[in-house]
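*Asks:* Before anything else, here's the structure in question.
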Amino acid sequence: MSAGPAPVAVAPRVAIAIVNWRNAADTIACLESLQHLADPDVAVIVCENGSGDGSAEKLAAWAAGPLAQAGRTFRVLQDSDLGNAAPDHYLTIIASQRNLGFAGGNNLCISLALADRDIEAVWLLNNDTEVLPDSLSALRARMAEDPRMGICGSTLVYHHDKTTVQAVAGRYDIARGAGGEIGQGTTLATLPSRAEVEAQMSYPPGASMLASRRFIDAVGLMEESYFLYFEEIDWTLRGKSQFTVGWAPGSVVFHKEGGSIGTNARGRPSDLSLYYNLVNRLRVAKRFQPGAVPANIARLCAIAAKYGLKGDLRGVRIVLHALGDFLAGRYRTGAWLSASRAPTPSQGKS
C-alpha cells in the first residue's frame with residue numbers, strides 16, 4: 001500500500017509588529033505593502049500608540065475596506081483586553097490609551113504575538129516603511145543560516161530615492177558616545193559584503209529587524225525606559241553574550257525617515273528627536289559602561305557649542321535639557337518640549 005505523498009512542511013509563523021503615532025497614512029501604506037509578501041503565514045499587529053487624532057478609527061476603516069475585501073480578518077483590541085488574547089486574526093489593532101514610546105508600543109505587540117506558541121519570530125517594522133515581497137523571507141533565510149543569531153536587520157533604502165541606501169547596520173562606540181550608519185550613501189548595486197558589515201555592526205537598524213523567539217525569551221522585552229532611541233542598542237547588548245546579530249542584504253525595506261517625529265538625515269533633528277537621542281546616549285553609557293559617562297558628557301557639551309556657533313539657540317537649549325535632566329536623574333516624556341518652547345510669532349507649518 002502506498003504511503004502517499006509526504007506532508008508539506010509549514011514554515012514557522014512570524015508576527016509583524018508596527019507602532020503608529022499620529023501617522024495613520026504611512027501606517028496604511030506600510031500595511032498595503034505587506035499584502036504582497038511572499039510569506040503568507042504571518043500575523044500583523046499594530047499598536048496605535050495613544051495618538052488621540054483618530055488614527056485607530058482610520059486604521060480600522062482601512063481594515064474593514066481593502067483588507068476585508070481581500071479575505072483577511074482583523075480586530076481592534078483595547079490594551080486592557082490583552083491578558084487573554086492571542087494573534088488569531090491576520091491583523092490586530094491594539095488601541096493603547098496612552099503613548100508608550102517606541103519600545104512600549106512594540107512590547108505590547110510582542111507580548112500578544114508570543115501568546116501564540118507557533119510564532120517563532122517577531123519582525124519589528126517602522127510604520128513609515130514599505131517592503132518588497134521577499135523582504136521578510138530574506139530575513140528568515142539569513143537567520144536560519146546561523147543558529148546563534150538572535151536579531152537580523154534589513155537593507156534600509158531611502159523611500160524618496162529607491163536606489164540609495166540609508167543604512168545596512170549601525171555601529172556604536174559607548175566609550176566615545178558616537179556611532180554611525182554602515183552603508184549610508186551606497187547603492188543597492190554597490191553594497192559592502194555581508195561579512196564586512198557583520199564584522200563591524202553593533203546593532204541592526206530599528207526600522208526593520210527580525211528577533212527570534214529564543215532571543216526574546218532569553219533576553220526579555222525591549223527596555224521601555226528609553227521611550228525613543230537606543231532601544232535596539234540596549235536589546236543587542238543585553239543579548240551579546242548568548243546571541244549574534246546579522247544582516248540580510250536581500251531584505252530591502254524603503255524608509256521614509258522619522259515620519260512620526262520629524263527627523264531625517266538632511267537637517268537638524270526635531271527637538272523631540274534631538275532630546276531623546278542625546279539623553280539616551282548618557283543613559284546607555286551609565287548602564288553598560290559607567291566609566292564612559294564623562295566622555296559622553298563632554299561630547300554633549302561639544303554638540304551644544306556647535307549649535308551655538310550656528311546660531312541655533314533652540315538646539316543649544318535642547319542639548320542642555322538633555323544634559324541637565326541626566327545629571328538630575330530626571331527623564332521627560334510627553335508634551336514637555338512644546339510646553340517649554342518660548343513664545344514666538346507663528347511661522348506657518350512646521
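*Asks:* What are the pairs, 6+ residues apart or on separate chains, where a residue within region 297-321 that is in contact (Cβ under 8 Å) with a residue 12 or more places away in the chain has its Cβ under 7 Å from a residue that is open to solvent by 40 Å² or more (accessible area, probe 1.4 Å) and part of a helix (DSSP H, G or I)?
*Replies:* Matching pairs, first to second residue: 304/320.
*Asks:* Taking residue 323 as the residue in question, decide whether it is open to solvent by less than 40 Å² (accessible area, probe 1.4 Å), at pLDDT 80 or above and under 24 Å from residue 231 (Cβ atoms).
*Replies:* Taking the combined requirement at face value, the residue satisfies it.
*Asks:* Give me a count of the residues in region 193-210 that are at pLDDT below 95 and either aliphatic (A, V, I, L, M) or more than 16 Å from residue 284 (Cβ to Cβ) (or both).
*Replies:* Initially, region 193-210 is screened for residues at pLDDT below 95, giving 205-206.
Retained after the next criterion (residues that are either aliphatic (A, V, I, L, M) or more than 16 Å from residue 284 (Cβ to Cβ) (or both)): 205.
So the count comes out to 1.
*Asks:* Which residue pairs have Cβ atoms closer than 9 Å, lie 6 or more positions apart in sequence or on different chains, and pair a first residue in region 322-342 that is within 20 Å of residue 49 (Cβ to Cβ) and among the acidic types (Asp, Glu) with a second residue that is open to solvent by 70 Å² or more (accessible area, probe 1.4 Å) and modelled with pLDDT under 80?
*Replies:* Close Cβ pairs satisfying both conditions: none exist.
*Asks:* Can you tell me which of 121, 70 is surrounded by fewer than 20 Cβ atoms within 10 Å (Cβ to Cβ), under 29 Å from residue 143 (Cβ atoms) and touching a residue at least 24 places away in the same chain (Cβ under 8 Å)?
*Replies:* 70
*Asks:* Follow-up. Cβ-Cβ under 7 Å, sequence separation 6+ or interchain: first residue in region 31-52 and under 18 Å from residue 79 (Cβ atoms) and open to solvent by less than 10 Å² (accessible area, probe 1.4 Å), partner of a type outside the set (D, E, K, R) and part of a loop (DSSP other than H, G, I, E, B). Which pairs?
*Replies:* Short answer, once both residue conditions are applied: 43/87; 43/90; 44/90; 45/87; 49/21; 49/99; 49/100; 51/21.
*Asks:* Being within 29 Å of residue 188 (Cα to Cα) and at pLDDT 95 or above, is that true of even one residue in region 211-226? Steps first, please.
*Replies:* From region 211-226, those within 29 Å of residue 188 (Cα to Cα) are 211-212; that's our starting set.
Now narrow it down to the ones that are at pLDDT 95 or above: 211-212.
The answer is yes; a qualifying residue exists.
*Asks:* Continuing with the same structure: Out of 176, 194, 148, 98, which single residue is in contact with a Gly (Cβ under 7 Å, 6 or more places away or on another chain) and basic (Lys, Arg)?
*Replies:* 98
*Asks:* Same structure again: Report, by residue number, each residue of region 220-245 that is touching a residue at least 24 places away in the same chain (Cβ under 8 Å) and on the phi > 0 side of the Ramachandran plot.
*Replies:* Correct list: 227, 229, 230.
*Asks:* Next up: Which residue out of 292, 339, 304, 298 is open to solvent by 50 Å² or more (accessible area, probe 1.4 Å), modelled with pLDDT of 95 or more and assigned to a helix (DSSP H, G or I)?
*Replies:* After ruling out the rest, the residue left standing is 298.
*Asks:* Same structure again: Hey, which of the helices (runs of 4 or more DSSP H) in region 101-209, taking only ones fully inside, have at least 2 residues that are in contact with an Asp or Glu (Cβ under 7 Å, 6 or more places away or on another chain) and aliphatic (A, V, I, L, M)?
*Replies:* It comes to 101-113.
The values are calculated or read from the model by the stated rules, or taken from the named source; none is laboratory data. Keep in mind that this is a model prediction, so the values were computed, not measured. Every residue, glycine as well, gets a Cβ built from its backbone with ideal geometry; the counts of neighbours run over all protein chains shown. Each accessible area value is taken on the protein alone, full model and side chains, heavy atoms only, with ligands, DNA and RNA left out. Shrake-Rupley method; radii C 1.70, N 1.55, O 1.52, S 1.80 Å.
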